[in-house]
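**Q** Sharing a structure below in structure tokens format, with a few things to ask.
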Amino acid sequence: MSLKELENNIEHWENCISQATSFKELDNLKADIFGKSGILSAAFKEITNIATEEKKAFGEKLNYIKQQLDNAILNQKNKLKDYLIAEKLKNEAEDINLPIPENAFGGLHLITQSIRRIKAHYSARGFLILDGPEIETEFFNFDALNMPKYHPARQSHDTFYLEGVQGHLLRTHTSNVQIRSMMLDRGKSIRMLSIGKTYRNDSLDATHSPMFHQMEGLVVDQKPINIGHLSSELKKLMAFFFEVENVEIRLRPSFFPFTEPSMEVDCKCIIKDGKLIISEHGNKWIELGGAGMVHPNVFKACKIEQPAYGFAFGVGLDRLVMLKNGIQDIRNLFDTDTRWLKYYAC
Ligand code: DAH
């Protein structure tokens, strides 16, 4: 299609877009317009036959059309989204006038149960259970964790930044609480545990959710602490969480900006009838979290008196809960399907 034809047809394409009734239809239109053999590419090819002095104007016109069609698609996508949500709400509306069945008692969600169980265990072992804000500043979430602005490691955290509040974000991990506890408890020894919600701009699928839970441990002292202490703590954590007498763990070298050395924590396991069982007699390894010795730059950022020693660990709680319960899809945890919720509630 030539530019001229394209210009004459733009209304036609805009109409097609605004009449699309499904995302699939929109995607097809997008391919017809923007795809490799779409109408825009065809028009772009024309540029080779155009006099040099007209090339600029040609390009501008084409880009203008491209922008227009792009906007039309975006508009329609938003409209469809609103429409589908409205439809869903209409179809799934609960009739709140119905009497509540007598046995409809509430229960605790599996994640809540796990959080409470972990907090009780660590509290009994003398750890401080600390909370941190979910809306955090770049300082606590990144800078103080040895991830200054433009540090490449920041890019691996797909961060939700707050609009209109400079330097604020939804925390991407619970490591912010490490910093907060060190800054508040400066110079003292620390044994703390923090569990809570964390956020990353991931699209929802079986293993990712934009909101998930992490658990963070930190031990700091003026007396030397080494990887042996960390390893023993991680073993205790896994044995406790999976309710087994003994676990075998493996520490693999890895990288986190806030620890040096850093490691990935694997646990020995068996896969039996498709189900994973943590066992020291296992023949496979499963990765369960990250850990390491606190980086000197982190101590420096928190103005902790030297000498100081410490280790930290961080695990994804949802993943642990899923592994323990044989749950395959993280979305189940955050759905509101009461049949599913009831099965695990207590
Ligand atoms: N903050 C890390 C993450 O979200 C997890 C983590 C790794 C925490 C190692 C730690 C650690 O405290 O030592 O990916």
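**Q** For the chain, what are the DSSP H helices with axial Cα length of 20 Å or more and mean Kyte-Doolittle hydropathy of at least 0.5?
**A** Numbers: long enough: 3-19 (24 Å, -1.04); 52-92 (60 Å, -1.14); 110-124 (21 Å, -0.15); 227-241 (21 Å, 0.58).
Answer set is 227-241.
**Q** Could you sort 13-20, 262-269, 169-176 so that the peptide with the highest average Cβ count within 10 Å comes first and the rest follow in order? Spell out each step's value before the answer.
**A** Numbers: 13-20: 16.2, 262-269: 21.5, 169-176: 24.0.
Listed from highest to lowest mean packing, they are 169-176, 262-269, 13-20.
**Q** Further question: Students often get this wrong: which residues of the stretch 314-346 have the backbone nitrogen under 18 Å from the point 7 angstrom along Cα-to-C-beta of I270?
**A** Under cut-off, by backbone N: 324-326.
**Q** Based on alpha-carbon centroids, what's the gap between the stretch 231-269 and the stretch 67-107 in Å, whole number please?
**A** The distance from the Cα centre of the stretch 231-269 to that of the stretch 67-107 comes to 42 Å.
**Q** Let me ask something additional. Over the stretch 110-344, what percent of the accessible surface lies on carbon and sulfur atoms, probe 1.4 Å?
**A** Values: 6030 of 11620 Å².
Ligands and nucleic acids excluded, carbon and sulfur reach 52 percent.
**Q** Here's a follow-up. Select from the stretch 109-166 those GluC sites (Glu not before Pro) which occupy a DSSP coil region and have at most 14 other Cβ atoms within 10 Å, ordered by residue number. Working shown, then result.
**A** On the way: sites: E134, E136, E138, E163; in loops: E134, E163.
Sites meeting the loop and neighbour criteria: E163.
**Q** Moving on. For G282, what charge total do you get from the other residues with a beta carbon under 9 Å from its beta carbon, if Lys and Arg give +1 and Asp and Glu give -1? All intermediate terms of the calculation are to be shown ahead of the outcome.
**A** Numbers: positive: K268, K284; negative: E248, E280.
Its environment carries a net charge of 0.
**Q** Relative to the Cα centre, what is the charge dipole magnitude of the chain, using +1 at the beta carbon of each Lys and Arg, -1 at the beta carbon of each Asp and Glu, and rounding to the nearest 20 debye?
**A** On the way: 43 positive and 45 negative charges, 239 e Å.
That gives a dipole near 1140 debye.
**Q** Also, I was wondering about something else. What residue among A301, S232, I270 has its Cα farthest toward the positive end of the dipole of the stretch 182-325, where the charges are +1 on Lys, Arg and -1 on Asp, Glu, each on the Cβ?
**A** A301
**Q** Another question about this same structure. Below 14 angstrom from the Cβ of M192, what's the summed charge of the other residues (Lys, Arg +1; Asp, Glu -1)?
**A** On the way: positive: K119, R125, R180, R186, K188, R191; negative: D131, D185, E216, D221, E233.
Once positives and negatives cancel, what remains is +1.
**Q** Extending each Cα 7 Å along its Cβ direction at F34 and L108, get the distance between those two points in nm, one decimal.
**A** Inter-label distance under the simple model: 4.7 nm.
**Q** May I pose another question? For the stretch 156-300, what does the alpha-carbon gyration tensor say about shape, rounded, prolate or oblate, given a ≥ b ≥ c as the root eigenvalues, a/c under 1.5 as rounded, and a/b over b/c as prolate?
**A** Numbers: a/c = 2.24, a/b = 1.21, b/c = 1.85.
It is oblate, given that a/c is not under 1.5 and a/b is not larger than b/c.
The values are calculated or read from the model by the stated rules, or taken from the named source; none is laboratory data. What you see is a predicted model; the values in this text were computed from it and never measured. Every residue, glycine among them, receives a Cβ derived from its backbone with ideal geometry; neighbour counts consider all protein chains shown. Note: areas computed on protein heavy atoms with side chains; ligands, DNA, RNA excluded. Shrake-Rupley method; radii C 1.70, N 1.55, O 1.52, S 1.80 Å.
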